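Notes follow the structure.
The values are calculated or read from the model by the stated rules, or taken from the named source; none is laboratory data. Remember, it's a predicted structure, so these values are computed and weren't measured experimentally. With ideal geometry, Cβ positions are generated from the backbone for all residues, glycine too; neighbour counts draw on all protein chains shown. Ligands, DNA and RNA are excluded from the accessible area calculation, which covers all protein heavy atoms including side chains. Shrake-Rupley method; radii C 1.70, N 1.55, O 1.52, S 1.80 Å.
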Amino acid sequence: MELKVIKNSRVSPATDSFHDSADPFILPLTFFDLRWVRSHPTQQVIFYKLSESSRELFHSVILPKLELSLSLVLRHYFPLAGHLKWNLQDPKPQVVVYGHDTVSLTVAESNADFLFVSGKGIRPQKELRVLVPELSVSCDSSSLYSLQVTLFPNQGFCIGLAEHHVLKDGVGSIMFIKAWAHICKSLGHGTMTLPSDLTPIIDRTLINVRPSLESKILESMSYFSDEKNGKRTCDNLSRESRFTALQHTDPNSSPWEEKDGKRTMKPPPVGEICKDLVRITLELTHEKVEKLKERAKRESTRSQPELHLSTFVIVNAYVWSCLVKARGGNEERPLLFMYAADFRNRLFPPVPERYLGNCVVLIDCIGYKANELLGRDGFINAVEILSDSVKGLCSRGIEALWESYIDGMKQVKPDTLVESVSGSTRMGLYRADFGWGKPVNHEIVSIDRYPAFSMGERRDETGGAEIGVDVILDCIGAPYLQKNLDSLNFDGRSCIIGLMGGANAEIKLSSLLPKRLTVLGAVLRPKSKENLGLI
């Protein structure tokens, strides 16, 4: 796959009253925002197939519409053009927006097969990663939003985005995409106003939590810094260990200091992303989800009122139990499952759905062992664990949940099998029509940094789910075997699906044992997508 950058540009929000002022617009960070100050950017890509997509049409019609509508929608979502700043005199970071601030837009062209890259089958993860931009980050400043539009001549285009989680959660992220699409589709039709459900509310005073919680999060959150200073580091850790390290808390260290003692908002190091990862999207139909719900009702020893059998619980329980079974290993290994819970309707007073900011709390399910999710009852046990967790959200306050999260992360052991989910089936991303039809696919690219899978709604059906997972598959065989084993993380799996380079190889058994590696063999052609996911 060859990617050629056509141009790099900056898009300004359409003129508004605040642009005439020399003073910046200051957006304070709330308790919910502070958790994400040093997070790595969320990166997504959205694919659109076109009936006609010549270079001439793209550059003369499609791209100008995208650029103009982006400027117009940024009038409403102007904080995206700002920066996360932390001046020395300020006790905490804040979002600062000047009238001259812009959003970075990269325009590129790819010679890849659009149907393959935008499909839901097995694809090299690196072919998705080149379609998303990066954010500009320094110790005291970070951009908040960046875009990349890539043309696949005579096939379609995609929109890649990188966004800082400190500004908004997934609800706000998808709301912006749908708002941009709405204005783009309206160009030339006389009206370019946003409907009320896509008009953002940025008033941070809507977040009603105790001020002491902000102090607690500033004091308790920490990340591992450079090993050379006698402190622990995230470098060279497994994908699971790195994730645990980034969530861990250490009351004796500062979350904001680099090795020289200076404050920083740079994300902690997570090492290189494995180049051999492949992505596959698994689809659970509405019928399949309903059958899983019926199975949970039938096989659980609990009464139906005791169970919270939402699509979220069912899908995550199913995927979590499958992943634990697929990874194998020590049945006594501790487990950790994490998800983000939306608290817009759980606060008092409730926060509007249109709130452009963070209103999610990280929830950890901990204290369980792998053997509880193995065997036929593994799915049912996972359902009961997640059901209890979700039901408990309504009866526990923010402070209790935060303390529980902190206590839980302190209990994480080095051999913990970590899984997490990113996304939701309730966002409505596939309704983001820019005027050329709804997306053909949507991928959360950034799950390749952590032990996570993505979850979203199905494109053509209500009630089902799409699950995105990353694995290493080897179609070469002998020449790559040792190299792949060396690149695997702890408890990693290498699946050999072809022998293009040969069938005979020598390996160092010493590379298998310390990292508890597994080597699998499979022929993919006759397998269903569900079976491919288990591999």
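For region 395-403, indicate whether the set of residues that are among the hydrophobic types (A, V, I, L, M, F, W, C), assigned to a helix (DSSP H, G or I) and surrounded by fewer than 16 Cβ atoms within 10 Å (Cβ to Cβ) is non-empty. Walk me through it before giving the result.
So in region 395-403, the residues among the hydrophobic types (A, V, I, L, M, F, W, C) come out as 398, 400-402.
From the residues that got through so far, the ones that are assigned to a helix (DSSP H, G or I) too are 398, 400-402.
Subsequent filtering for residues that are surrounded by fewer than 16 Cβ atoms within 10 Å (Cβ to Cβ) retains 400.
Checked against the condition, which is being among the hydrophobic types (A, V, I, L, M, F, W, C), assigned to a helix (DSSP H, G or I) and surrounded by fewer than 16 Cβ atoms within 10 Å (Cβ to Cβ), region 395-403 yields at least one hit.
Cβ-Cβ distances below 7 Å connect the following pairs, each with a first residue in region 294-315 that is over 15 Å from residue 389 (Cα atoms), a second residue that is in a helix (DSSP H, G or I) and open to solvent by 90 Å² or more (accessible area, probe 1.4 Å), and a separation of six or more residues or different chains: 297/304. If you go through region 423-439 and keep only what is among the charged types (D, E, K, R) and within 18 Å of residue 53 (Cβ to Cβ), you end up with 433, 438.
Among residues of region 107-118 that are within 17 Å of residue 281 (Cβ to Cβ), those with a beta-carbon under 6 Å from a residue that is modelled with pLDDT of 95 or more and in a loop (DSSP other than H, G, I, E, B) at least six positions away or on a different chain give the pairs 114/155; 118/440.
Scanning region 165-180 finds no residues that are modelled with pLDDT of 95 or more, assigned to a strand (DSSP E or B), over 17 Å from residue 445 (Cα atoms) and not hydroxyl-bearing (Ser, Thr, Tyr).
For region 366-383, the count of residues that are at pLDDT 90 or above and closer than 27 Å to residue 209 by Cβ is at least one.
Scanning region 172-189 for residues that are over 14 Å from residue 77 (Cα atoms) and in contact with a Gly (Cβ under 8 Å, 6 or more places away or on another chain), which turns out most open to solvent (accessible area, probe 1.4 Å)? For region 172-189, the residue satisfying everything is 185.
Among the candidates 337, 348, which residue alone is under 27 Å from residue 165 (Cα atoms), open to solvent by 10 Å² or more (accessible area, probe 1.4 Å) and of a type in the set (Phe, Trp, Tyr)?
Residue meeting the stated conditions: 348.
From the list 383, 412, 390, 361, the lone residue that is open to solvent by less than 30 Å² (accessible area, probe 1.4 Å), of a type outside the set (Gly, Ala, Ser) and part of a loop (DSSP other than H, G, I, E, B) is 412.
Name the strands (runs of 3 or more DSSP E) wholly inside region 1-90 in which the number of residues that are crowded, with 21+ Cβ neighbours inside 10 Å is 3 or more.
Values: elements: 3-11, 25-28, 42-49, 83-85.
Result: 42-49.
Considering region 456-475, and only residues there that are crowded, with 18+ Cβ neighbours inside 10 Å and of a type in the set (Val, Ile, Thr), the residue that is modelled with the lowest pLDDT turns out to be 472.
The set of residues in region 109-137 being assigned to a loop (DSSP other than H, G, I, E, B) and within 22 Å of the chain's Cα centre (by Cα) consists of 118, 119, 120, 121, 122, 130, 131, 132, 133, 134, 135, 136. Within region 187-204, the residues that satisfy the criterion of being modelled with pLDDT of 95 or more and hydroxyl-bearing (Ser, Thr, Tyr) are 196, 199. With respect to the stated conditions, residue 361 fails to be β-branched (Val, Ile, Thr), within 29 Å of residue 31 (Cα to Cα) and at pLDDT 95 or above. If only residues of region 303-334 that are open to solvent by 30 Å² or more (accessible area, probe 1.4 Å) and basic (Lys, Arg) are counted, the one that is modelled with the lowest pLDDT is 327.
Would you check if residue 522 is open to solvent by less than 70 Å² (accessible area, probe 1.4 Å), in contact with a helix residue (DSSP H, G or I) (Cβ under 9 Å, 6 or more places away or on another chain), within 30 Å of residue 285 (Cβ to Cβ) and at pLDDT below 80? It would help to see each step written out before you state the result.
Working: open to solvent by less than 70 Å² (accessible area, probe 1.4 Å): yes; in contact with a helix residue (DSSP H, G or I) (Cβ under 9 Å, 6 or more places away or on another chain): yes; within 30 Å of residue 285 (Cβ to Cβ): yes; at pLDDT below 80: yes.
In short, yes.
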